Structure formats: structure tokens, C-alpha cells
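The values are calculated or read from the model by the stated rules, or taken from the named source; none is laboratory data. Predicted model only: the values in this text are computed from it and were never measured. Don't worry about glycine lacking a Cβ; one is built from the backbone with ideal geometry, like all the others, and counts go over all protein chains shown. Note: areas computed on protein heavy atoms with side chains; ligands, DNA, RNA excluded. Shrake-Rupley method; radii C 1.70, N 1.55, O 1.52, S 1.80 Å.
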Amino acid sequence: MSTVGALLLGLPLAAATLIGILHRRLSTRTAGTLAFAMAATCFGLAVAAFTHLRGLPEDARHVAATFWSFLELGRGDAALTLDVGVWLDPLSVTWALFITGVGSLIFLYSISYMEHEAGGARYFACLCLFLFSMLTLVLGKNLFLTFLGWEGVGLCSYLLIGFEYGKETAAQAGRKAFLVNRIGDVGFLLGMFWTWKLFGTLEHGELTPKLAAGLAAGIALPPLLALCYFVGACGKSAQLPLFVWLPDAMAGPTPVSALIHAATMVTAGIYLLCRLSSLFVAADWALDVVAFTGAATALFAGLIALRQRDIKRVLAYSTVSQLGYMFLACGLGAFASSAFHVVTHAFFKALLFLGSGAVIHALHGEQDLWKMGGLKHHLPKTAFAMRIGAFALAGIAPFAGFFSKDEILGVAFARAYAGDPACWVLWGAGVLTAALTAFYSARMITLCFDGSSRLDAHSHPHEAPAPMAIPLNVLAVLSLVGGIGLGFEALHWLPLHHWLAPTLAPLDLPPLPGALLWGLMTLAFLIAVLFWRIGAKWYSGDCEPARAAELTFPRFAGALAGRFFVDEIYGALIVRPLRFLAALALQFDVRVVDGAARGLGQFAALVGTGVRIVQNGTVQRYAFWMVAGAIALLWLALG
Amino acid sequence: MNDPLLVLLIGGPLAAALLLALLPGLRPEPARLLTLLVTLATFAASLPLLATDAGGGMTHGFDAPWIAEFGIRFSLGVDGIAAPLVVLTTLLMPLVVLASYGHVHDRVRQYGVLLLAMEAGMIGVFAAQDLVLFYVFFEMSLVPLYLLIGVYGGARRTYAALKFFLFTVAGSLPLLLAILWLVQRAGSADLAVLKQLPLAPGEQGWLFAAFAAAFCVKVPLVPLHTWLPDAHVEAPTGGSVILAGVTLKMGTYGLLRFCLPLFPDASVRHAPLLLALAVIGILYGALLAWAQKDLKKIIAYSSVSHLGFVVLGLFAVQTTAASGAVLQMVNHGLSTGALFLLIGMIYERAHTRQLADFGGLARTMPRFAVCLVLATLSSIGVPGLNGFVGEFLILIGTWRDHPVAAGCASVGVLLGAIYMLGLVKGLLFGPIVHPKTATWRDLNSRELLLLAPLFALMFAIGFAPKALLDRIEPPVQRMLEAPRLVQERR
């Protein structure tokens, strides 16, 4: 297995290096084919790792492999030992499976999508580097390597968002993403420092048993420790208040949005929460913070998604909102349900992004929903696939998103039912968000594909070529069967949960009565269908109901369209004051600190006017006087 | 047994400097070639130093009587702290000479003299095992740098050189007095002897102050830093590289080699002050860097911030942190060296260093763009490159006893990314600004060749720092023995 682990990390790194070095000599197609072959091989390796773990007894399903010793410092309880290696267990392998699986499909899609772009080989080099970083993040055998991947994916995201670096907006968005992520990274770093001090190790394999033992003994951890990691997770997974980078990240090429900003990288925060689930469970009120942040983010981003014109921005806010659901699930202690939603979301959100990419591709870069319409006649296959993705997102049975989302809502309900009144709020927020989700999904599909065309008269959209269509079809199938295939609570069919169970903190919650489960499921289904119908109705034809609603609540509609002015508020409250502080510091430095030094200097200059006589510009003279001075001083002092 | 290697490493460049100085008729290019060959040979000869003693002791020792009546000896040796710094010095020197092909066209021979003399002095600083000898080398390395700025610098070179000189002298005079007092008190200037010298707390107090002041000016620690931006901006590229790469480390090296082991009580007593100044330096330096418009000033202030990390790691008095600090001295030399070289290369083409004059270079100079991005990533501590390892070790070690200081310093990690990515974006991305951008050719093979070793080391340290850290840690532990004991007593 250690070879499999080594190849899983080594192949993407090798491909990235190779394509990176040769990127000016390789065509997009060659580079893309190479990258795709690598990604597909990695998927095969992940499947191999999966089958290997499946063959082991349930409580022994983990394999550690060390490649080399990174460092060994200190002694005793201050010993810090870090190895480079992999830790394969159900959690890391699950992530590796969908990262490489969905990743391969997106690599394939990119070959066609990027064919006519300049710098296609550079794009694939970054994509390979991303895959390396992402796999390091999930497979790394300690938190240090997870952090290495964590920063690595941030870096690749920075490079890929700014792929069209000549565009000011793209360059700006890339930098914003990196910096907002770094706020979270500082939290992650502090968490590691503290963890090492408390436990003396950062190894996943050692940390989890130590945490579990502590948990069993009823030892409470400082909630702040968990919150350090939580801040990190908020940055990477775009939660309130650090979500602002993700919508701007849509400046990157659309397959990048699908891979990095929907299916994989943004779920790294949830991976971290799952990986440290025992730590969070033991840290008192930390999980409540996670749950409320998640619910608030889900609702907040869901609202903003209602009125975005740019198809990719709708999907971006939708991603933020769905990530909120996953955080909500973690906060409720249902880590497996969160992971379930991560997987189904990877399927249907990648599908939606790739589908929107096909639309944008067909319209030569047009992303405004109000300039689309009626596209189902031109792009019937894409429209069909996108509709499946949207049903899955909206949570309509039997599509994938229904099962995972319903499970999260069910846990919230069960917690409230078991006597935690705060959870009614969480459940309410979740249900409301579900309604919003169905509404904006229907709005997007209707505006894009239905009704009459609002296209330019010269536009003749065509279906995407096969390499783009195949991934769409595969993802459409997965969005259809990926939910029921992995878990259906009411039927006690929970293969993913059982598979993940040894690596996650267990959910301490009595199951709901079967009748209640079925009832809740029906309710969720009805809400989704109802709001889908409303959304479709409001935005079909000349969108009369939607316009009427906007006129009735102009301020609210304006706030939604303006994304609640979060960027402006951050600008006024954080960015500008910080800039002012920097300018102030500069003035202080020049006037006060350096001023004091110059004042002293002038005094010294008065004393040493004589020095000027020897300042005549020849090197030899300077040298002579300096050495002579030093010797004289030495002599004086010694004598 | 005396090993002549260190004498050779110091004497070789010094002899070559003298030779060049005594050949006024020598034409520029042969003189430059000679300088290059000598620095290359010195580098090659310095590599065996890296085979350090696993127990943290000195190797390659050389000892001869010098001023016997005061117990002053010509005593040299290196351990795992000094050896990497010596090799960093000998590595940067040929690169500086190679870089000079692009911008030094007058007084080439004298430039070589200064570089070689400086190299001898800097190697001596790191190798000296005798306090007085250390002081001699300390001053000897500064004079050529002063001249390098004053003669080869930009428009305000005289001001900058004088400022550099005055700050340094103001710092090193008390140091000289303290050294002389110590030597008289102990009857020897041998470091090993001085370590055993019992000193009253009062004596330690002022001795520590004198030593620390001299070294903190050099680091530079806030508020003693204002000479640095002026010196950097006016210095020629080579001067900046050496200044940032090696000279600043003489300060942090001094703190570790002398202050902590010789005056452990005073070090522990004053550690909170130094930690506070270090944290202020990290944050304040980063803010200042952000407010700058001149490329060299941005990097200059970033050095204030980065060296703050090193001081933090040293005065956390914790092995992991201090080992990280020594590693970070090397790292900073590599990344900042590369950044100054790159800025020098762009200045040779554009004759401006204002950030606002640039934009869109990624399209016209892709090689330059890749190099600049790599050096930046190293500088802001992105994992996989060297800078991260040092920062990580400093912070994780400091966190054990001083979580507040480490927490505040971590914010510097964020601020560093702000101004450095601002610099990258301003230079490389967005629309093209300067009308002549298209006429600037991309980096040539000489320029790539001289950057290559720095990048190779950045990756090597970033992926496998163990080899270096295994050398650094044992001597660091020795340096921290006395202050750790003081801490435990308290």
C-alpha cells in the first residue's frame, strides 16, 4: 500500500513538474491528455486503496506509510517529529476517491474547454499541482502535511483564478482568495501549535486515539483550540464571515470553478472537521459555534443566490450555502451525514458548473442569465444534464442531493425533538434554505434554458464536443444514483456511514421513529417541489411575478442584488482602516523614529565636523581612515 | 590539531583582495573574472565545513597565540550554527559577482576588492572563537560595505552610507568597551573560557545591554532599523544582497553566540522585552512594507519583519524555536537574496523601482515572472519551500511558553502575504503600464544560472530540512543550556 500512497502523491507532482517545465513547448491537447491520464491513474490507485482497506477488519482499516523523515527536533515532551508519508483510512480514501474521480472527469472536460485558450499547458500544470496538493491534504499522515496541502491548494487556487492575469479583475480576485484563505490558515497554524503543546504529536494516527481516550475519560478540551481549526475551515470552505473570496473566484476558468471551487478544495474545511471530529466533540461549545455558523451561512448565501445575474455567481453562492449545510451537520455531531453531502454535492455541483461551462462556451463567454433563454432548443443534452443537476441541488427525490440534505435536516430535527430547543432554529434555517435552494435552482434553469431566447441575433450556439459531453453524462448519472446508492436513512441503508464510522466521532443521538422520518422526508420533498414550481413560474415568460415582487420589496431586492454589501462593509471596516494604519505607521517611522535618529546624528555631526575633511571620495582614503580609527580605538582601550 | 581550512577561507579572499588592490593597471574584465574565480573557489573549499560535529562541538579548529599578554588568540572554528552561515556567505558571493556584470561598469576592480575583503570579514565573524578576533572581523566586514554603498550607490548614497556607518559605530563602540572589560576580567578572550566566567547579575546587565545593542542595530530590531531602508535603496544590487543575506545575520548570530550563553541571567531577564520588540518588528515592519511604493523599500522593510521572527525564535529560549531561527537566517538569505537580485535585474532594464511604473510583466518576461513568484512564495512562507519550515518551527516553539507572542507574530504571516502578493500583482499582472515594457528582454542564461542555486536550495530545504536541522540543533542546544538552567531555577 505504501507504493500506492507514494504514487498517489508522486504522479501528480511529477506531471505538474513535467508540464510546468515544458509548458511552452507542449500543446494544450498533449498536456491535457497527459494530465488526464495521470488523474485517471490516480483514480485507479484510489480504488485500489479502497479495496485494500475493505479487505481489512473494520477496526484495523488504516495503513500508515512513511517516505522520509522531515525533521526531528527536541527531546522528551518537547520532541517534535514530523514524517512525510500517507495515512490511508476510510475518511482519507473517501475524499481521495471523489477528488480523483470527479477530478479525472474535469481534466477530460478541460482538454476541449481550454483548447483555444492561450497558456493551456500552464493551466494543466497548475491543475496537476492542485491535484498533488489536494491529495497531500487528505492523505498526509499528520496535520503538518495536511497544512502543506492546505496552503498548496490555496496557492493553486490563486494561480488558477488569476489564470488570465492580464485581466485586472482576475488578478485581484486571485489575491483576494489567497489573503482571505490565509486568515483561516493562521487559525490552522495556531491550532497545530496548541495541539503539539497539549499532545506532543501532530500525527493523525496518534492524535485520534489520544483524543478518543481523552473523550472516553471525559476530559474537556479548550473550546478555543477547536475554534482555531474552525477558523481555518471557515476560510477554506467559505463560511461566514470569510466566504467573500469564493464568489470572486469565479473569475477563473469554469472547469476550475467546478473542480476547486465546488467539488474538492472547498470541502477541505469539512475534511478537517471530520478528521478532528473527536477533538471538536470534546471541546464543549465549539460544535455549537460550528452549527450556527453553518446554518447562518447556508441561509445568508441562499438568499444572495436568489438575485444574481451571472450564472456562475448563482452557483458560487449556492456552493457557499451548501457548504453551510455541511458545517451544520458537523456542528450537530453528524460528521458522516456531512461527508455524505460532500460527496453528493461534488457530483451535482461539478455537473452544474461543467454544464454552465458548456453554456458559456456555446455563447462565447456570455455569463449573464438575462442574455440566455430558450437554450434547450440549441443545447438539448446540456439542458437535460443541467436539469438533473438542478433537481439534485434543489433536493428533489430521487436525485442525489435529496438524500444527503434530508439527512442533515433530520438530524437537526432529531436534536430538537430530543430536547434541545436551539436546534429548532437550526432546523428552521435549514428548511428555509432548502426552499430558497429549490427556488433559485428553478430560476437558473428557467432563465437559462426555458422560455424565449434573449440571445444576440448573431449567436448560433452548438452542443459541446464529446470530451466535454462525456463528463457531463457521467456526472448526471452520479447525480441521479449517487444519493440512494450511498445512503437512505429511512430504509437503514447506510453503507457510507458504516464505512466511515471507524474514523469519525459517533453521533450520540437516539434515532427518530420511522414514521417521523418518512413524514419529514415527505415534507422536504413537498417543499422542494413547491418552491421549484414557484421559481419556475416566476421566471418563465416575461418574469411578471418576479418583477412584481421586486417592486413590492425594493430595498430587500436591492440588498440581495448587492449581496448584502458585504464587500463594501469589509472595505470600510477592515481594508481601509488597515491601509490607513499602514500609512500612519510610515509617517510615524519617517518623522518620529527616524527623526529621533537623525536628531542624534546631527548632534554627532556637529561634534565630528572634522570628519568631513577626510570625506573626499577616494576609496583608499576611506579605507585608510577606517582602519586607522579602529586600530587607534583598540590601542586606546587596551592601554 | 590545527586545521588550516578556515584560515584559508579567510586568507584566500583577503589575499586576492590585496592582489587586486595592488594591480591598478588591471582591466575591468580580468579583474571581475579573477574575483569570480576566487569566490567560486572559496565556495567549493567551504563545503567540507558542513560535515559538522554531531554533538554540537566545534570542528575545523585553528588556534594560535596572537596578543598573548591579554590572552587574545587567533582562534577559529565552526559548529552547526556557523557552518551554514559561512556556506551561505560563500554561496552568495559568486552570485553577487555574476550579477555585477549587469550593473557595475565603473571601478570594477575596486568592486572586487571590496567584495573579497567583505567576504573574508564575514567568514571571520562566523568562525571567530575569540571575542577580540570576532570584533576585528565584525568591523572589517562593515567597512567595505560602507564603501560599497558610498561609492557604488544611488543618488543619495553619501547620506545612506553615513547613516549606516553612524548607526553601526554607535552600536559597536559599547560592544568594544564591553569586550575589553570582559577580556580584562577573565584574562582571556576565548569564548569557552568566558562561558565559565561567573558574572554578577549587575555586571551581566550592562554587558548584555552593550552586546545586545550592537547586535540589535545590525538585525535591525525596531526601533533601531531606520538605517536599513536607506542603505538598501541606495546600495547597488550586490550590496543589498550581501546586506540582507549576510550582514543582518551577524546581528542575530551575535545574539545567539554571545548574549544567550555568556549572559544567561540577563538574557532571561530581558527576554520579554526582546520578544515584545520582535513582535512589534514583525507587525510594524510588515505594515511599513505595505505602505511602500519603491520595490527595494518593500523588501527592506520585509527584512525588518522577517528578522523579527528570528529574534522571536532566539529569545523564546526553546530549542525548536531557536533551531528554526537559525534555519530562518539561512532561509532569509536565500529568499531575500533572490528578491534583491531579481529587483536588480528589472532595474537594469527599466531604470525605475517604482511599483506604479510596472504591470503585465508576466506576458513579456515569463521567466522573470516564474522566478519572482517562487522567491515570493519562499519569502511569505508557503509550505514546500524553505521559508515555511523556519517560520513554523519558530512559532511552534515559541507557542510553548509564550503563546501570546507567537499568536501575535502569526498575524505577520498574513501581513507578509498582503504586501508581497501586492508586489507580485503590481509587477507581473494586470495591464502593461510602462510604454517600454516590450523592449525589456526576459532573463538571460547568466541571470537564470545565478538564480538557480538559490531556488534549488529553497526546494531542498522546503522538502527535506532534516539534514540541515540535524546540524543546527546540537549547537543550538549548547547555546541555550545556560539560559535554560536560569529559567528552570526561576
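Here residue B:398 clears all of (1) more than 8 Å from chain A (Cβ to nearest Cβ); (2) farther than 30 Å from residue A:77 by Cβ; (3) out of contact with any strand residue (DSSP E or B) (no Cβ under 9 Å at 6 or more places or on another chain); (4) at pLDDT 90 or above except the condition numbered (2). Under 30 Å from residue B:483 (Cα atoms), within 14 Å of chain A (Cβ to nearest Cβ), open to solvent by less than 10 Å² (accessible area, probe 1.4 Å) and modelled with pLDDT under 95, is that true of residue B:317? The answer is yes for residue B:317.
What do you reckon, is residue B:284 in a helix (DSSP H, G or I), open to solvent by 10 Å² or more (accessible area, probe 1.4 Å) and within 14 Å of chain A (Cβ to nearest Cβ)? For residue B:284, the condition - in a helix (DSSP H, G or I), open to solvent by 10 Å² or more (accessible area, probe 1.4 Å) and within 14 Å of chain A (Cβ to nearest Cβ) - is met. Selection of region B:26-72 for residues being under 22 Å from residue B:323 (Cβ atoms) and among the charged types (D, E, K, R) yields only B:53. Which one is surrounded by the most Cβ atoms within 10 Å (Cβ to Cβ) among residues in region A:191-206 that are assigned to a helix (DSSP H, G or I) and more than 11 Å from chain B (Cβ to nearest Cβ)? Result: A:204. Taken together, the residues in region B:170-187 that are more than 26 Å from residue A:598 (Cα to Cα) and crowded, with 21+ Cβ neighbours inside 10 Å amount to 3.
Residue B:124 - would you say it is free of Cβ contacts under 8 Å to residues at least 24 places away in the same chain and not hydrophobic (A, V, I, L, M, F, W, C)? The answer is no for residue B:124. Test residue A:118 against the criterion of being in contact (Cβ under 8 Å) with a residue 40 or more places away in the chain, within 26 Å of residue A:178 (Cα to Cα) and open to solvent by 10 Å² or more (accessible area, probe 1.4 Å), and give yes or no. Criteria not met by residue A:118. For region A:34-84, taking the residues that are within 14 Å of chain B (Cβ to nearest Cβ) and among the acidic types (Asp, Glu), the one that is nearest to the chain's Cα centre (by Cα) is identified as A:83. For region A:412-453, name all the residues that are open to solvent by 10 Å² or more (accessible area, probe 1.4 Å) and either at positive phi or touching a Cys at 6+ places or on another chain (Cβ under 7 Å) (or both). Those that are open to solvent by 10 Å² or more (accessible area, probe 1.4 Å) and either at positive phi or touching a Cys at 6+ places or on another chain (Cβ under 7 Å) (or both): A:415, A:419, A:451. Per the conditions (1) away from chain B (no Cβ under 14 Å); (2) in contact (Cβ under 8 Å) with a residue 24 or more places away in the chain; (3) open to solvent by 20 Å² or more (accessible area, probe 1.4 Å), the sole criterion not satisfied by residue A:31 is (3).
Rundown of residues vs (1) within 15 Å of the chain's Cα centre (by Cα); (2) modelled with pLDDT of 90 or more, yes/no style:
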site	(1), (2)
B:143	no, no
B:159	no, no
B:175	no, yes
B:205	no, yes
B:215	yes, yes
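The criterion of at least 2 residues that are open to solvent by less than 20 Å² (accessible area, probe 1.4 Å), closer than 21 Å to residue B:281 by Cα and of a type in the set (Ser, Thr, Tyr) is met, among helices (runs of 4 or more DSSP H) falling completely within region B:388-490, by B:403-428.
Exactly one residue among A:159, A:155, A:137 is of a type in the set (A, V, I, L, M, F, W, C), more than 9 Å from chain B (Cβ to nearest Cβ) and either closer than 17 Å to residue B:428 by Cβ or open to solvent by less than 10 Å² (accessible area, probe 1.4 Å) (or both), and that residue is A:137.
Here residue A:176 qualifies as facing another protein chain (nearest Cβ under 10 Å), open to solvent by 10 Å² or more (accessible area, probe 1.4 Å) and under 30 Å from residue B:405 (Cα atoms). Every condition in (1) closer than 29 Å to residue B:188 by Cβ; (2) open to solvent by 30 Å² or more (accessible area, probe 1.4 Å) is met by residue B:158 except one, and the failing one is (1). One residue stands out among those in region A:276-314 that are among the acidic types (Asp, Glu) and farther than 24 Å from residue A:358 by Cα: the one that is modelled with the lowest pLDDT, which is A:284. If we scan region B:109-125, do we find a residue that is away from every other protein chain (no Cβ under 14 Å), β-branched (Val, Ile, Thr) and part of a helix (DSSP H, G or I)? Checked against the condition, which is being away from every other protein chain (no Cβ under 14 Å), β-branched (Val, Ile, Thr) and part of a helix (DSSP H, G or I), region B:109-125 yields at least one hit. When we screen B:261, B:272, B:229 for residues that are touching a Lys or Arg at 6+ places or on another chain (Cβ under 7 Å), in a helix (DSSP H, G or I), surrounded by fewer than 22 Cβ atoms within 10 Å (Cβ to Cβ) and not basic (Lys, Arg), the only hit is B:261.
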